[in-house]
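Quick notes on the structure that follows.
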Amino acid sequence: MMGKPYGDDLRCKFFAAYDEGDSTLEEVARRFLVSVGWAKKVSAQRKRTKQAERVPHRPGRKPRVGKELHPKLLEWVEAEPDLTLAELQAKLQRDAGVSLSVTQVWYLLRKLGLRLKKSRSTPRSGTPRRTANDAKSSSLDSARFRRNG
């Protein structure tokens, strides 16, 4: 189990003592009863962020698509519900200049509450599926229909 982080008040007092300039980082760490490693870490962090207070931790990847693009994506899917992930990927690249993988497009759609599964209550498509050799198959001729029919 990890301990609680030191408060911002301790950090500010620590830096105030260090900034006086008459002591080294190690001496100030000893005086404030903190480890030298912590002192070096927060000192480097202050140089990097230009602030003495703790920087809040925000885990996870940063989104590549801003929230301003979400309505546009919803509009595309509403206008053309048959768009494939690859077609949406191409639209995002062409119209918004955003390059995403097909998987990232899928996760984005899921995040927006959109699904790709067809509803079981809607009628089946009237377009027959193509077979491996690119010939149209008839559902009446298929082996599966003969077994179950």
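Yes or no, residue by residue, for (1) closer than 18 Å to Asp9 by Cβ; (2) of a type in the set (Gly, Ala, Ser); (3) in the same structural domain as Glu26 (by TED's automatic domain parsing):
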residue	(1), (2), (3)
Ala39	yes, yes, yes
Val42	yes, no, yes
Val55	yes, no, no
Pro59	no, no, no
Lys62	no, no, no
Val77	no, no, no
Glu80	no, no, no
Leu83	no, no, no
When the residues of the stretch 44-53 are narrowed to those that are part of a loop (DSSP other than H, G, I, E, B) and not acidic (Asp, Glu), which ends up nearest to Lys13 (Cα to Cα)? Ala52
Can you spot a residue in the stretch 55-69 that is under 30 Å from Tyr18 (Cα atoms), surrounded by 10 or more Cβ atoms within 10 Å (Cβ to Cβ) and at pLDDT below 90? yes
Residue pairs meeting the criteria (Cβ under 9 Å; at least 6 apart or on separate chains; first among the aliphatic types (A, V, I, L, M), in the stretch 37-65; second in a loop (DSSP other than H, G, I, E, B)): Ala39/Phe32; Val42/Tyr6; Val42/Val34; Val42/Ala52; Val42/Arg54; Val65/Val98; Val65/Leu100
Scanning the stretch 18-41 for residues that are assigned to a helix (DSSP H, G or I), aliphatic (A, V, I, L, M) and crowded, with 16+ Cβ neighbours inside 10 Å, the one farthest from the chain's Cα centre (by Cα) turns out to be Val28
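Restricting attention to the stretch 3-17, which residues are free of Cβ contacts under 8 Å to residues at least 40 places away in the same chain and not in a loop (DSSP other than H, G, I, E, B)?
As a first pass, look at the stretch 3-17 and keep what is free of Cβ contacts under 8 Å to residues at least 40 places away in the same chain: 3-4, 6-7, 9-10, 13-17.
Residues satisfying the conditions are Asp9, Leu10, Lys13, Phe14, Phe15, Ala16, Ala17.
The values are calculated or read from the model by the stated rules, or taken from the named source; none is laboratory data. Small disclaimer: the values here were computed from a predicted structure and weren't measured. Please note: Cβ atoms are built from the backbone with ideal geometry, for glycine as well, and neighbour counts cover all protein chains shown.
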